[in-house]
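Shown next, in structure tokens, is the structure this report addresses.
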């Protein structure tokens, strides 16, 4: 579920560690469609686009699908 902190940060976790690999792959595919659409809209408005995730595994999964995506590990607990 996404959350925000006064408009400075938005985090959405979809790749839960207890999901099996098939489900994780399906979730990453859905997430990528959403993230790429959001990045396109942000860039069109002159904004940078950064995705914050809580785990290195989630970062690797996203970058495996879109190597140019700016992804950072926040270290925030879920």
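The values are calculated or read from the model by the stated rules, or taken from the named source; none is laboratory data. Bear in mind the structure is a predicted one, so any value in this text is a computation, not a measurement. Positions of Cβ are backbone-derived with ideal geometry, glycine not excepted, and every protein chain shown enters the neighbour counts.
Odds and ends about this structure:
- Screening residue 39 against (1) surrounded by 13 or more Cβ atoms within 10 Å (Cβ to Cβ); (2) closer than 18 Å to residue 74 by Cα; (3) out of contact with any helix residue (DSSP H, G or I) (no Cβ under 9 Å at 6 or more places or on another chain) leaves a single unmet condition, (2).
- Matching residues in region 42-56 - criterion: being surrounded by 13 or more Cβ atoms within 10 Å (Cβ to Cβ), closer than 21 Å to residue 24 by Cβ and either more than 11 Å from the chain's Cα centre (by Cα) or at pLDDT 95 or above (or both): none
- Just so you know, in region 57-78 the residues that are touching a residue at least 24 places away in the same chain (Cβ under 8 Å) and more than 16 Å from residue 28 (Cα to Cα) include one that is surrounded by the fewest Cβ atoms within 10 Å (Cβ to Cβ), and it is 78.
- Among residues of region 5-34 that are on the phi > 0 side of the Ramachandran plot and assigned to a helix (DSSP H, G or I), none has a beta-carbon under 9 Å from a residue that is exposed (fewer than 10 other Cβ atoms within 10 Å of the Cβ) and at pLDDT 85 or above at least six positions away or on a different chain.
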